[in-house]
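Quick notes on the structure that follows.
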Amino acid sequence: MHVPRKASTAATVMLAAILLSSCSQSEPSSGAAAKETQADRSEWPEELPSSGLVKGLELPLEGYMVSYADQVVIDSALRTLQTECMAEYGFTVDLPRPGVNPPASSNSMNIERRYGITDRAQAEKYGYLLPPEQQKYTAEQTPDLPDIQVEVLTGRTKPEPLAPPTGSDGAYSGSGDKTKPARAEYDGKKLHEDGCVGWAKRKLKLNESDAGFVVQLASTGVSESRPHQPVEKAITKWSACMKGKGHAASDPYRAMEQGLGGTDTDDSIALALDDIDCKEQTRLIEVWFKEESAVQKQLIKKNKDQLTAVERRMKEVLTAAKAVK
């Protein structure tokens with residue numbers, strides 16, 4: 001189942017953004033997504049990249065991560081259970097359909113952008129941005145249900161809207177995400193702890209901390225391999241290559257920050273293409289992947305018992321999900 005020196009602050013922040021872009025796959029999406037046709041599997045990310053500089057690459061810890069295809073099975077079971085639970089309270093809801101808006105990567109490792117941008121064909125069209133069809137995944141939101149239905153579904157009140165601007169600067173007050181515990185019961189029926197969402201997860205015995213543990217190890221893998229001498233040497237060569245093309249970037253994460261922060265699409269595309277060409281010329285991806293693989297193998301050895309338990313539990317969750325009709 002796809003069930004030392006520290007990195008710079010900028011690199012760490014960028015890494016967090018990269019890893020989080022493919023996480024939280026169980027979160028409900030917009031109501032509009034739920035009304036779309038059946039999920040198109042041809043748009044789902046491949047378990048192994050088939051193009052770009054990471055073609056065919058798979059890091060050791062990916063063996064303990066849930067693939068997107070398996071995640072859709074789990075999320076579909078959760079959707080079914082949540083819908084049945086809501087019906088017990090008299091509500092008919094059309095919850096988001098898993099698999100409709102797939103992410104860019106098959107699992108939380110996000111190997112496609114783990115070391116910065118790697119796919120030249122995409123870069124030629126979009127620079128550092130994801131293709132439009134992949135951007136829809138990151139735009140998903142909780143469905144817009146009536147207040148009471150949100151309480152029954154989540155066990156929390158509906159997030160409070162932002163207060164209107166009050167100052168001359170037009171700034172909004174409040175975070176817009178404040179919630180409170182839901183009422184104890186509705187129509188004489190006690191609400192589940194954490195609502196129907198929590199009830200459904202408990203039915204599958206889903207332990208969300210398992211995925212978080214593996215992601216944390218993966219984050220350690222990339223940050224600990226970053227200062228290895230072969231990686232440092234390759235990044236230095238890459239940076240020199242970029243300087244020769246007219247760009248100032250100390251590492252691939254800085255280049256990505258520049259590419260995503262600019263407003264000129266043509267400049268972003270040119271930067272992305274030079275970035276990828278310099279990676280290929282210096283073998284940066286090959287070197288970093290080799291070093292991180294070694295670090296991850298040591299992390300697996302050190303945490304073998306816990307990872308074996310994670311793998312076992314996720315197989316049980318997947319089996320339980322497949323049994324939901």
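None of the figures in this text is laboratory data; all of them are computed from the coordinates on show. Computed from a predicted model, the values in this text were never measured in an experiment. Because the Cβ atoms are built from the backbone with ideal geometry, glycine has one as well, and the counts that use them run over all protein chains shown.
Centre-to-centre, using Cα atoms only, segment 53-90 and segment 273-325 are separated by 17 Å.
With a ≥ b ≥ c taken as the square roots of the eigenvalues of the C-alpha gyration tensor of segment 42-86, please select rounded if a/c is under 1.5 and otherwise prolate if a/b is larger than b/c or oblate if it is not? Spell out each step's value before the answer.
Values: a/c = 6.10, a/b = 2.39, b/c = 2.55.
Cα axes put segment 42-86 in the oblate bin.
Other residues with beta-carbon under 12 Å from the beta-carbon of Ala182 carry, at +1 per Lys or Arg and -1 per Asp or Glu, a net charge of 0.
For Lys125, the aspartates and glutamates whose Cα comes closer than 17 Å to its Cα, not counting residues fewer than 8 places off in the same chain, are Glu112, Glu133, Asp264, Asp266, Asp267, Asp274, Asp275, Asp277. A Förster distance of 41 Å, applied to the separation of the beta-carbon atoms of Lys55 and Ala87, puts the FRET efficiency at 0.35.
Could you please tell me the mean projected area of the C-alpha convex hull for segment 224-287, averaged over all directions and given in square nanometres to one decimal? Let's see the in-between values first.
Details: hull surface 16.3 nm².
For segment 224-287, the mean projected area of the Cα convex hull comes to 4.1 nm².
One chain, two ends: Lys290 and Glu43. Fully extended at 0.36 nm per residue, the span grows by 86.0 nm beyond their Cα-Cα distance. Length available on full extension from Lys178 to Ala240: 0.36 nm per residue minus the Cα-Cα distance, which gives 17.6 nm.
Close amide H pairs (under 5 Å, H built 1.01 Å from N) link Tyr186 with Leu191, residues at least 5 positions away or on another chain. Phi angles across segment 183-189 convert, under the Karplus curve 6.51 cos²θ - 1.76 cosθ + 1.60 with θ = phi - 60°, into 3J(HN,Hα) values of 4, 6, 8, 9, 6, x, 10 Hz, Gly and Pro given as x.
Computed from the mean reciprocal separation of all distinct C-alpha pairs, what Kirkwood hydrodynamic radius does segment 188-325 have, in Å? Can you show the working numbers first?
Numbers: mean 1/r = 0.0539 Å⁻¹.
Result for segment 188-325 stands at 18.6 Å.
Report, ordered by chain and residue number, the aspartates and glutamates lying within cross-link reach of Lys315, taken as a straight Cα distance under 16 Å and ignoring same-chain residues fewer than 8 apart. Lys315 reaches Glu62, Asp70, Asp75, Glu208, Asp210, Asp305.
Rounded, prolate or oblate: pick one for segment 270-321, where a ≥ b ≥ c are the square roots of the eigenvalues of its C-alpha gyration tensor, a/c under 1.5 means rounded, and failing that, prolate if a/b is larger than b/c, else oblate. Write out the running numbers ahead of the final one.
Numbers: a/c = 6.20, a/b = 2.10, b/c = 2.95.
Because a/c hits 1.5 or more and a/b fails to exceed b/c, segment 270-321 counts as oblate.
Applying a threshold of 32 Å to the alpha-carbon distances of Lys136/Lys233; Lys180/Lys322; Lys304/Lys325; Lys178/Lys301; Lys279/Lys322; Lys55/Lys136 flags Lys136/Lys233; Lys180/Lys322; Lys304/Lys325; Lys178/Lys301; Lys279/Lys322 as lying beyond it.
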